[in-house]
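Here is the structure we will look at.
The values are calculated or read from the model by the stated rules, or taken from the named source; none is laboratory data. For clarity, every value in this text was computed on a predicted model and none was experimentally measured. Cβ placement follows ideal geometry from the backbone for every residue including glycine, while neighbour counts extend to all protein chains displayed. Note: areas computed on protein heavy atoms with side chains; ligands, DNA, RNA excluded. Shrake-Rupley method; radii C 1.70, N 1.55, O 1.52, S 1.80 Å.
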Number of protein chains: 2
Amino acid sequence: MTKPRAVYLQSGGPTAVLNASAQGAIETARRLGLSLYAAYDGLAGLLDGRLCDTDGVSDTAIAQLAFMPGGSFGVSRRMIGTFEEAPEDWLRLRDVLAKHDIHYLLINGGNGSLGCAERLVDFEKHTGYKLGVIGIPKTIDNDLVGTDNSPGYGSSAKFLASAMREVGLDMTSMGWGRVFIMETMGRHTGWLAAACAAASRNPHEAPHLLLLPEVPFDQARFLAALDASLAKYGQCAIAVAEGITGQDGRFVAEAKKSETYGHEQLGGAGHWLAQLILRERGISAHVAQVDYLQRAGGHLASATDVRQAYVMGERAVEWLLAGKTGLMAGIRRLNDHPYCWDVAEVPLSAVGDKEKRLPPEFIGADGFSVTQAFLDYVKPLIEGERIPPFKDGLPDYRPIAWPRV
Amino acid sequence: MTKPRAVYLQSGGPTAVLNASAQGAIETARRLGLSLYAAYDGLAGLLDGRLCDTDGVSDTAIAQLAFMPGGSFGVSRRMIGTFEEAPEDWLRLRDVLAKHDIHYLLINGGNGSLGCAERLVDFEKHTGYKLGVIGIPKTIDNDLVGTDNSPGYGSSAKFLASAMREVGLDMTSMGWGRVFIMETMGRHTGWLAAACAAASRNPHEAPHLLLLPEVPFDQARFLAALDASLAKYGQCAIAVAEGITGQDGRFVAEAKKSETYGHEQLGGAGHWLAQLILRERGISAHVAQVDYLQRAGGHLASATDVRQAYVMGERAVEWLLAGKTGLMAGIRRLNDHPYCWDVAEVPLSAVGDKEKRLPPEFIGADGFSVTQAFLDYVKPLIEGERIPPFKDGLPDYRPIAWPRV
């Protein structure tokens, strides 16, 4: 009897623990007798029929996925519409699946990718080809609904909060009057900028101000808060999400474009803010733009996050083999201290193409801070270290050459 | 009999291992019966008579300095001229030293600070007050002469190379055509940007191009190298020093100021480069500006660097008590593989106010790479991990409250 076969694909930007979900799926498939293929480069590769067979790779190599940032099979932002919108994609997909006798599909991605997964739940209805579909959550932005948090977020949060604590010590060395701005990712949500708050154990410790997309930027109020921080602590360390907007709802960094005589705006929200501070207060602020470092920091991955990413992949495979479909494996929080969680069956229809912003109860009354409720939320997610092996002074990540089929 | 007394000061920007030098000095002073004061905020604090007594702090607290980034006593960029230039500073300094019966001075800093140290060697001649002066090298820029490398550099190099390796995995996930720019510190020298090269184990791995201040930027040659990297590897990861200059010798990021209609240039060399690539090739490059993260990354300190920083502090105290003066403790490399080094007595007169750039034999013939000789040089410096204790998911740095005297 031939084994049933599934295909796994990754979608959207990588994270520090995306490969841990792949590891969970692969190891569980091995344990349960499922043949697991993966698509190179996400949905784009699947539609092109570019597949690899994970079965031929050694257990030792698979185990290393736990430590390795990036998306080992590649990712893409290719999406698929409804059957009515893109019947040719659906038929192409059916041909690829049929060619390899694949009847199970695992989609590991963010809200757009899980929206695709949701649409594909009706695959049999539209194509006559039986296909079970399960989603695995993934995004550093933490903006997925249906799950208490998203695998990937905890590790990015840990990286950013660690960096903020370290820079805080550096700033404190340098005496009074210093302003530092750390620009984090987060186009529409402030989960990552907010996470920096975990760095601070006392009011005087960095960060002092958080700028979140959930709170429209108000120049006068910001400058007053900056002044207050400088007066009280002699410094101001700011975490700013790339996607903060003005009162008009436009991204601040974009809003400036028209005002620079057609010149492309250089830098993002962080540099825009630094320029504002220079103009209004005569202070040269230092700007760190963390960019890909915050989602690729495998050397500082959260053990909680690695574990959750793994379990999501594991559970997804178990559910497929149990005949379930149309679900995402979601994290359900049972308790903050001690942190307890389990896995919930979340209908894909409740997840795809939606976005979870910081709720009001997580944002401080001043609009520049977070509440204790947020700290209680985020702290368990950054708990535990998962230090990779090092060689020659650097993390010894060993990319896997997946065998093409 | 009262103990002899020394004062220790830190100068210039902090590093991940500056406190390890302080630890070496303090623990050695305790061992050898020297009373050790420290100046708050470097030379500025010393001239103001703002001092603390390290003797009253527990051994346990001192041991934690090995892990903590920043400069625990504070730093300043305050310098002191020659006696002829600034007699009032010299007399103020004499009064502070005399008040506390201090006859030994330890200056932990970069080339400007060690230039001060050099000038103060003649303290007795000008003021009649006996003072032994020893310098301890410190700078992430690695531009000090008289020492094979500078404490601080190895840890920053390790941070940057680790980040480059991790981002390289992230980029590779995302498929063809990606350009990533990581802007490192380095106003005049390319040691930090060059260190990123340690990340690459194969030609296809990041980084693909290094832009060093030692090589004037040539747009046509750069674009050709970019095109070649994209054609060959499908991507281009670039490490650029903040201080790269055009053929006219001006910083590229500054040179543009006049061309932006009086608008302040936002971002630095990295954003400038991204704009060039967008204009000339239509590719949106991602930019990371690592800023303070690269010098505060205590969680990724190099064990070699921590050890060397410690030993420099240790040796400086030993030399003072042996009656030596006018020296800097320098690192002398005895062998690359295995890495062996000892401590050389370097006359301060050979060090102060000088600058060591990347020598030609370390720069690849194409101007965008380093040679094997550089890799042999840098690799031992990033060797070994010194992971700090973690608590609640973050490095558990515990700032010390130094007792004021």
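Here are some notes:
Okay, residues lined up against (1) under 24 Å from B:A269 (Cβ atoms); (2) more than 11 Å from chain A (Cβ to nearest Cβ):
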position: B:W90; (1), (2): no, yes
position: B:R94; (1), (2): no, yes
position: B:L106; (1), (2): no, yes
position: B:S113; (1), (2): no, yes
position: B:V121; (1), (2): no, yes
position: B:E183; (1), (2): yes, no
position: B:G186; (1), (2): yes, yes
position: B:T189; (1), (2): yes, yes
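- Region A:382-402, residues that are open to solvent by less than 50 Å² (accessible area, probe 1.4 Å) and more than 8 Å from chain B (Cβ to nearest Cβ): A:P388, A:D396, A:I400, A:W402
- Qualifying positions in region B:135-185 - touching an Asp or Glu at 6+ places or on another chain (Cβ under 7 Å), of a type in the set (D, E) and either without any contact (Cβ under 8 Å) to a residue 12 or more places away in the chain or outside the structural domain of B:Q308 (by the TED database) (or both): B:E183
Okay, residues lined up against (1) open to solvent by less than 10 Å² (accessible area, probe 1.4 Å); (2) touching a Gly at 6+ places or on another chain (Cβ under 7 Å); (3) within 11 Å of chain A (Cβ to nearest Cβ):
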{"residue": "B:A269", "(1), (2), (3)": "yes, no, yes"}
{"residue": "B:A274", "(1), (2), (3)": "no, no, yes"}
{"residue": "B:E280", "(1), (2), (3)": "no, no, no"}
{"residue": "B:S284", "(1), (2), (3)": "no, no, yes"}
{"residue": "B:A303", "(1), (2), (3)": "no, yes, yes"}
{"residue": "B:V317", "(1), (2), (3)": "yes, no, no"}
{"residue": "B:I331", "(1), (2), (3)": "yes, no, no"}
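- Any hit, region B:224-233, residues being open to solvent by less than 10 Å² (accessible area, probe 1.4 Å) and within 22 Å of B:D143 (Cβ to Cβ): no
- Residue list for region B:110-133, restricted to those being under 19 Å from B:A6 (Cβ atoms) and more than 21 Å from the chain's Cα centre (by Cα): B:R119, B:L120, B:V121, B:D122, B:F123, B:E124, B:T127, B:Y129, B:K130, B:L131, B:G132, B:V133
- Region A:144-178, subset more than 7 Å from every other protein chain (Cβ to nearest Cβ) and among the charged types (D, E, K, R), residue most open to solvent (accessible area, probe 1.4 Å): A:R178
- Residues that are open to solvent by 10 Å² or more (accessible area, probe 1.4 Å) and among the polar types (S, T, N, Q) within region A:1-46 comprise A:T2, A:Q23, listed in sequence order.
- Flag for B:L348 being open to solvent by less than 10 Å² (accessible area, probe 1.4 Å), more than 20 Å from the chain's Cα centre (by Cα) and either farther than 30 Å from A:G270 by Cα or not aromatic (F, W, Y) (or both): no
- Sole exception among (1) assigned to a helix (DSSP H, G or I); (2) more than 30 Å from A:N202 (Cβ to Cβ) for A:V145, by number: (1)
- Qualifying residue in region A:362-371 (condition: more than 8 Å from chain B (Cβ to nearest Cβ), over 19 Å from A:A241 (Cα atoms) and surrounded by fewer than 21 Cβ atoms within 10 Å (Cβ to Cβ)): no
- Boolean, A:D141 is farther than 24 Å from A:L46 by Cα, more than 14 Å from chain B (Cβ to nearest Cβ) and surrounded by 24 or more Cβ atoms within 10 Å (Cβ to Cβ): yes
- Applying the set (1) assigned to a loop (DSSP other than H, G, I, E, B); (2) under 13 Å from A:F217 (Cβ atoms); (3) at pLDDT 95 or above to A:G249 leaves exactly one unmet item: (3).
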